[in-house]
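The values are calculated or read from the model by the stated rules, or taken from the named source; none is laboratory data. Because the structure is a prediction, the values reported are computed rather than measured. As a convention, Cβ positions derive from the backbone with ideal geometry for all residues, glycine included, and neighbour counts pool all protein chains shown. Just so you know, the surface numbers come from the protein's heavy atoms only, side chains and all, with ligands and any DNA or RNA stripped out. Shrake-Rupley method; radii C 1.70, N 1.55, O 1.52, S 1.80 Å.
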Amino acid sequence: MLETRELTIRFGGHVAVDRVSCSFQPGTLTAIVGPNGAGKTTYFNLISGQLKASSGSVHLDGADITRESASARTQRGLGRAFQLTQLFPDLSVLENVRLAVQSRRKEGLDLWSVWSDRHETLARASALVERVQLADRRAVAASNLPHGDQRKLEVAMLMALEPSVFMFDEPTAGMSTADVPVILDLVRALKEDTTKTILLVEHKMDVVRELADRIIVLHNGQLVADGEPEEVIASPIVQQAYLGIAPAEVAA
């Protein structure tokens, strides 16, 4: 489904991502972990097209998409949720999701389009708003939502695009304890579709252990570990040097 080959980016003399080769298959959730500055978000940005690689390549469904723009990659099926929310702040919750649904259906401002088509778009948007538990705030401007609800809204917009690859960059960051289960339940539901590939950058190891089928570890831009969660987490070098947690915490 998705593959990076020797993917590298340099900022002056600093190599932020260093020859990372990795493939991601449908029906799996891969957690990408590592200390701050390890290159996790930069790697995400290279895959989704926010950054241009210095060398190496990105492939989706066998096609080389390395030179394609972020929007072109989205049209191909790469869906990305950011560490900082990316919303239309002055539009309501429902309007944000409706625009995402329209984008997926490639609906423009066609004055002659049949109303039933627009009705279906609105119905789909409303269903997604309910799914992320924002139905009671559907008319509220995105900028007026608390942070946790903004994260829910971004996930709804990502789901509206119906991507084949879901990319979540710390989806629970800054959320209250009460809001976190909503996001985790949504990710679990997405995992049930074995045609989808899910990538997750996450610092919270309890979230990683619960959701991940596989963990890869980045450190200083390099891929240093790759395997099943228990195997990777049990590695002393990962526990101490890369994840910053003591072995006793893992065993707890």
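In the stretch 193-218, which residue that is closer than 16 Å to Gly39 by Cβ and modelled with pLDDT under 90 is least open to solvent (accessible area, probe 1.4 Å)?
Applying the filter and picking the extreme gives Glu202.
Residue-wise test of (1) of a type in the set (Phe, Trp, Tyr); (2) not in a helix (DSSP H, G or I).
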residue	(1), (2)
Ala127	no, no
Asp149	no, no
Phe168	yes, yes
Met175	no, yes
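For Ala178, indicate whether it is open to solvent by less than 60 Å² (accessible area, probe 1.4 Å), out of contact with any Gly (no Cβ under 6 Å at 6 or more places or on another chain) and more than 25 Å from Arg76 (Cα to Cα).
Considered against the rule, which asks whether it is open to solvent by less than 60 Å² (accessible area, probe 1.4 Å), out of contact with any Gly (no Cβ under 6 Å at 6 or more places or on another chain) and more than 25 Å from Arg76 (Cα to Cα), Ala178 comes out as no.
Quick one: count up the residues across the stretch 1-34 that are surrounded by fewer than 14 Cβ atoms within 10 Å (Cβ to Cβ), touching a residue at least 24 places away in the same chain (Cβ under 8 Å) and over 20 Å from the mean Cα position of the chain (by Cα).
1
Would you check which residues across the stretch 225-238 are surrounded by fewer than 17 Cβ atoms within 10 Å (Cβ to Cβ) and either in contact with a helix residue (DSSP H, G or I) (Cβ under 8 Å, 6 or more places away or on another chain) or not in a loop (DSSP other than H, G, I, E, B) (or both) and list them?
Scanning the stretch 225-238 gives Asp226, Gly227, Glu230, Glu231, Ala234, Pro236, Ile237.
Report yes if some residue within the stretch 40-56 is farther than 24 Å from His147 by Cα, charged (D, E, K, R) and at pLDDT 95 or above; otherwise report no.
Looking for residues that are farther than 24 Å from His147 by Cα, charged (D, E, K, R) and at pLDDT 95 or above, one finds at least one in the stretch 40-56, hence yes.
Give me the pairs, please: first residue somewhere in the stretch 209-229 and on the phi > 0 side of the Ramachandran plot, second residue anywhere and buried (at least 17 other Cβ atoms within 10 Å of the Cβ) and assigned to a loop (DSSP other than H, G, I, E, B), beta-carbon distance under 6 Å, and either six or more positions apart or on two chains.
Gly221/Gly39
From the list Gly37, Gly12, Gly62, pick out the single residue that is at pLDDT below 95, under 30 Å from Glu230 (Cα atoms) and not β-branched (Val, Ile, Thr).
Gly37
Confirm whether Ser54 is under 18 Å from Gln102 (Cα atoms) and either of a type in the set (Gly, Ala, Ser) or open to solvent by 40 Å² or more (accessible area, probe 1.4 Å) (or both).
no
Could you say whether any residue in the stretch 72-91 is in a loop (DSSP other than H, G, I, E, B), open to solvent by less than 50 Å² (accessible area, probe 1.4 Å) and over 20 Å from Ile183 (Cα atoms)?
yes
Read through the list (1) closer than 16 Å to Phe166 by Cβ; (2) out of contact with any Ser or Thr (no Cβ under 6 Å at 6 or more places or on another chain); (3) modelled with pLDDT of 90 or more, then give the number of the only condition that Asp90 fails.
Every listed condition holds for Asp90 apart from (1).
Being within 25 Å of Arg76 (Cβ to Cβ) and either at pLDDT below 85 or not acidic (Asp, Glu) (or both) narrows it down to one of Ser164, Ser126, Ser116, so name that one.
Ser164
Hey, Gly37 hits all of (1) open to solvent by 30 Å² or more (accessible area, probe 1.4 Å); (2) in contact with a helix residue (DSSP H, G or I) (Cβ under 7 Å, 6 or more places away or on another chain) but one; which does it fall short on?
For Gly37, the failing item is (2).
Filter the stretch 28-67 for residues that are assigned to a loop (DSSP other than H, G, I, E, B) and among the small types (Gly, Ala, Ser); which is nearest to Asp213 (Cα to Cα)?
Of everything passing the filter in the stretch 28-67, Gly34 is nearest to Asp213 (Cα to Cα).
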